[in-house]
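To start, the structure itself, in structure tokens.
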Amino acid sequence: MRYELYTFTHGGTIWRFTSHGRDITHEDKTYKHVRGLKRSGITDKDINKAEITVTLPQPYSLDGLEDLFLKRIFYQGVYLTIQELEDDVTLVLFKGRVVKPSFDEDYNTIELTCSTAET
């Protein structure tokens, strides 16, 4: 079966999540199940830039990741790597940084627009 693994980093802090129906341990790292975690397709803007939107539910315990966006303290940059895991083999699908968080109070979600381009 295929699963996606999401790794967010900010400075020396790392958060690991999966959209799989339960927590997953892969290469001695645990990825926490987040119900409602989803992403858009990867959009190629040009040869040097691709974008993706990751949607995280709120309120939900994201181990403090949500505080970076709620309190607007993500100045050092929050980086995201999305990997696909199948039969214990991983493939990197996306690697970039969060360029714009937005909140949808009607759906209780945080949407993170991520880009591969450096600014």
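Can you confirm whether segment 12-29 contains a residue that is in contact with a strand residue (DSSP E or B) (Cβ under 7 Å, 6 or more places away or on another chain), outside any strand (DSSP E or B) and either within 16 Å of Thr109 (Cβ to Cβ) or among the aromatic types (Phe, Trp, Tyr) (or both)?
Filtering segment 12-29 down to residues in contact with a strand residue (DSSP E or B) (Cβ under 7 Å, 6 or more places away or on another chain) leaves 14-24, 26, 29.
Those left that are additionally outside any strand (DSSP E or B): 19-23.
With the extra rule that they be either within 16 Å of Thr109 (Cβ to Cβ) or among the aromatic types (Phe, Trp, Tyr) (or both), the set shrinks to 19.
Yes: segment 12-29 contains one or more residues that are in contact with a strand residue (DSSP E or B) (Cβ under 7 Å, 6 or more places away or on another chain), outside any strand (DSSP E or B) and either within 16 Å of Thr109 (Cβ to Cβ) or among the aromatic types (Phe, Trp, Tyr) (or both).
Scanning segment 22-36 for residues that are modelled with pLDDT of 90 or more and open to solvent by 30 Å² or more (accessible area, probe 1.4 Å) yields Arg22, Asp23, Thr25, Glu27, Asp28, Lys29, Thr30, Lys32, His33.
Considering the conditions (1) modelled with pLDDT of 95 or more; (2) open to solvent by 60 Å² or more (accessible area, probe 1.4 Å), Glu86 is excluded by exactly one of them, (1). I'm trying to understand the selection: among the residues of segment 1-21, which are open to solvent by less than 40 Å² (accessible area, probe 1.4 Å) and either in contact with a helix residue (DSSP H, G or I) (Cβ under 9 Å, 6 or more places away or on another chain) or of a type in the set (Phe, Trp, Tyr) (or both)? Across segment 1-21, the qualifying residues are Tyr6, Phe8, His10, Trp15, Phe17.
When you look at Arg72, is it touching a residue at least 24 places away in the same chain (Cβ under 8 Å), open to solvent by 20 Å² or more (accessible area, probe 1.4 Å) and not hydroxyl-bearing (Ser, Thr, Tyr), yes or no? Talk me through it step by step, then tell me what you get.
On the way: touching a residue at least 24 places away in the same chain (Cβ under 8 Å): no; open to solvent by 20 Å² or more (accessible area, probe 1.4 Å): yes; not hydroxyl-bearing (Ser, Thr, Tyr): yes.
Spelling it out, it is not the case that Arg72 is touching a residue at least 24 places away in the same chain (Cβ under 8 Å), open to solvent by 20 Å² or more (accessible area, probe 1.4 Å) and not hydroxyl-bearing (Ser, Thr, Tyr).
The values are calculated or read from the model by the stated rules, or taken from the named source; none is laboratory data. Here the structure is a predicted model, which is why all the values come from computation and not from measurement. As a convention, Cβ positions derive from the backbone with ideal geometry for all residues, glycine included, and neighbour counts pool all protein chains shown. Accessible surface is based on the protein model in full, side chains and every heavy atom, while ligands, DNA and RNA are left aside. Shrake-Rupley method; radii C 1.70, N 1.55, O 1.52, S 1.80 Å.
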